[in-house]
Amino acid sequence: VAFKMYLGITPSVACHNSSRNEFSLILDKNPLAEFVEELPAGRSALCYCGLLCGVIRGGLEMVHLAAEVTFLQDRLKGDSVTEIGITFLKKLDEKKYRRK
């Protein structure tokens, strides 16, 4: 819902493993990279959409889930879609974050 509300897109979800702790969000269209024509020379590792990984990771931490969020594919680097990989690491201790 947040992707539709804030970015105007709906990502597809693809599960990668049988333990169900790893999945990908596939964006057919990436509005954050819409006005970027190509990456600057010598900056092929630059990721304009790294913000999305941080937002997803921060949102998961707010609901006490630690996760690793990385870009697997990027349209700016010649891939057909933008793919964000999410791997759940552990559930954070809720007692640690409760107010007293």
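The values are calculated or read from the model by the stated rules, or taken from the named source; none is laboratory data. Remember, it's a predicted structure, so these values are computed and weren't measured experimentally. Here Cβ is always computed from backbone atoms with ideal geometry, including for glycine, and neighbour counts include all displayed protein chains. Surface accessibility is based on the protein's heavy atoms, side chains included, excluding ligands, DNA and RNA. Shrake-Rupley method; radii C 1.70, N 1.55, O 1.52, S 1.80 Å.
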Inset, instruction - With θ set to phi - 60°, apply the Karplus curve 6.51 cos²θ - 1.76 cosθ + 1.60 along the stretch 70-75 and write out the HN-Hα couplings as whole Hz, x wherever there is a Gly or Pro. - result: 9, 7, 9, 9, 9, 4
Inset, instruction - Report, in degrees rounded to the nearest 10, the 0 to 90 angle that the Cα long axis of helix 50-62 makes with the longest principal axis of the chain. - result: 10 degrees
Inset, instruction - Compute, for residue 26, the solvent-accessible surface of its heavy atoms (probe 1.4 Å) with the complete set of protein chains present, and express it in square angstrom to the nearest 10. - result: 40 Å²
Inset, instruction - Provide 27, 65, 60 ordered by accessible surface of protein heavy atoms (probe 1.4 Å), highest first. - result: 65, 60, 27
Legend entry - residue 43 - accessible surface, heavy atoms, 1.4 Å probe, Å² rounded to 10: 140 Å²
Legend entry - Net charge, residue 85 excluded, C-beta distance under 11 Å - Lys, Arg +1, Asp, Glu -1: -3
Legend entry - For the stretch 29-100, with +1 on Lys and Arg beta carbons and -1 on Asp and Glu, the positive-most of 81, 46, 92 along the dipole: 92
Inset, instruction - With just the Cα atoms of the chain, tell me how far they stretch along each of the three principal axes, in Å, largest first. - result: 51, 33, 29
Legend entry - Rel. contact order, % - alpha carbon contacts under 8 angstrom, at least six apart, the stretch 1-80: 20 percent
Legend entry - Built amide H within the under 5 Å cut-off of residue 65, gap 5+: 92
Legend entry - Computed [θ] at 222 nm, deg cm²/dmol, the chain (DSSP H ≥ 4; -39,500 (n - 2.57); rounded to nearest 500): -6000 deg cm²/dmol
Legend entry - Hz values of 3J(HN,Hα) by residue in the stretch 23-33 - Karplus curve (6.51, -1.76, 1.60), Gly and Pro given as x: 8, 10, 9, 10, 9, 5, 10, 10, x, 6, 10
Legend entry - Total charge dipole magnitude, the chain, about the Cα centre, Cβ charges on Lys, Arg, Asp, Glu only, Debye to nearest 20: 780 debye
Inset, instruction - Report the net charge of residues surrounding residue 67, where surrounding means a beta-carbon distance below 11 angstrom and charges are Lys +1, Arg +1, Asp -1, Glu -1. - result: 0
